[in-house]
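Notes to accompany the following structure.
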Amino acid sequence: MNGEKAFFRKKVFGGFNRDDVVKYIAKIAEERNEALAAKEKIKKEMQALEDEIKSLNDQIKSLKEQKPKPVNECEENAEEIAEEIAEPESTEEPEKTIKRIKIKRRK
């Protein structure tokens, strides 16, 4: 099925040479079977890749949910410090605010 035309030899008494026609049909059938096999192979590869993508996405989701404890604590501390700096409890000096935050974090 590569776009080439089939040429059959003619018989003396009308029609085409039977062997040429049979060979042509066999060739076309073989090409079709090869194409179907290639299609199935590609489908299997595609399914395997889709399964791998799903597995990797599940792993990513799982890892995002399992943040290490120190990271979570650091994020919480950073948020507290940012709030303290943005809105200090009083008009105290920055050094005192920093000391108070350090003491608070130790608790």
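Check off (1) exposed (fewer than 10 other Cβ atoms within 10 Å of the Cβ); (2) at pLDDT 65 or above; (3) not β-branched (Val, Ile, Thr) for Glu80 and give me the number that stays unchecked.
Here Glu80 meets the rest and fails (1).
Mind checking whether some residue in segment 38-47 is under 24 Å from Lys5 (Cα atoms), surrounded by 10 or more Cβ atoms within 10 Å (Cβ to Cβ) and assigned by TED's automatic domain parsing to the domain that holds Lys5?
Yes, segment 38-47 contains at least one residue that is under 24 Å from Lys5 (Cα atoms), surrounded by 10 or more Cβ atoms within 10 Å (Cβ to Cβ) and assigned by TED's automatic domain parsing to the domain that holds Lys5.
Name every residue in segment 1-22 that is among the hydrophobic types (A, V, I, L, M, F, W, C), surrounded by 10 or more Cβ atoms within 10 Å (Cβ to Cβ) and either at pLDDT below 75 or not in a strand (DSSP E or B) (or both), in order of residue number.
Result: Ala6, Phe8, Val21, Val22.
The values are calculated or read from the model by the stated rules, or taken from the named source; none is laboratory data. This is a predicted model, so every value here is computed, not measured. Reconstructed Cβ throughout: ideal geometry from the backbone, glycine too, with neighbour counts over all protein chains shown.
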